[in-house]
Amino acid sequence: MLCYVVICCVVLILALGSVKMGVSAQYVLKQSSLNFGVDSNLLIKSMLSTEIQPGISLQMSGEVQHAGGHYRFGYGLNMGS
């Protein structure tokens, strides 16, 4: 079984002088991958992508910022190359 993990940390300095930091990770399996991350505003993002058949993939994603009452969820079906 093929599985690997990619972890990265990004620091961005915005024009107003505030500092924003985010930590993200990606798990890659044989037919699917899971991406997720958290930034300094406690915005949590996640995406699951899986290949159903060659040329057809399903994607599900979510974004949550509980303190701000911000919730988004979505899905997609890609057909073709």
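The values are calculated or read from the model by the stated rules, or taken from the named source; none is laboratory data. These figures come from a predicted structure and were not determined experimentally. For neighbour counting, all protein chains shown are included, and Cβ atoms are generated from backbone atoms with ideal geometry for every residue, glycine included. Accessible surface is based on the protein model in full, side chains and every heavy atom, while ligands, DNA and RNA are left aside. Shrake-Rupley method; radii C 1.70, N 1.55, O 1.52, S 1.80 Å.
Summed over the stretch 57-81, residues that are open to solvent by less than 100 Å² (accessible area, probe 1.4 Å) and modelled with pLDDT under 90 total 5.
Can you say whether Leu12 is outside any strand (DSSP E or B), modelled with pLDDT under 90 and open to solvent by 60 Å² or more (accessible area, probe 1.4 Å), as far as the supplied structure shows? So Leu12 fails the test. Applying a threshold of 8 Å to beta carbon distances and a minimum spacing of six or more residues, or different chains, the list of pairs starting in the stretch 44-62 at a residue that is part of a strand (DSSP E or B) and ending at one that is open to solvent by less than 50 Å² (accessible area, probe 1.4 Å) and among the acidic types (Asp, Glu) reads Ile44/Glu63; Lys45/Glu63; Ser46/Glu63. So, in the stretch 41-56, of the ones that are aliphatic (A, V, I, L, M) and under 12 Å from the mean Cα position of the chain (by Cα), which residue ends up least open to solvent (accessible area, probe 1.4 Å)? For the stretch 41-56, the residue satisfying everything is Leu43.
Identify all residues within the stretch 27-40 that are out of contact with any Lys or Arg (no Cβ under 7 Å at 6 or more places or on another chain) and either open to solvent by less than 50 Å² (accessible area, probe 1.4 Å) or in contact (Cβ under 8 Å) with a residue 24 or more places away in the chain (or both); write none if there are none. If the condition is that a residue be out of contact with any Lys or Arg (no Cβ under 7 Å at 6 or more places or on another chain) and either open to solvent by less than 50 Å² (accessible area, probe 1.4 Å) or in contact (Cβ under 8 Å) with a residue 24 or more places away in the chain (or both), then Tyr27, Val28, Leu29, Lys30, Ser32, Ser33, Asn35 are the ones that fit.
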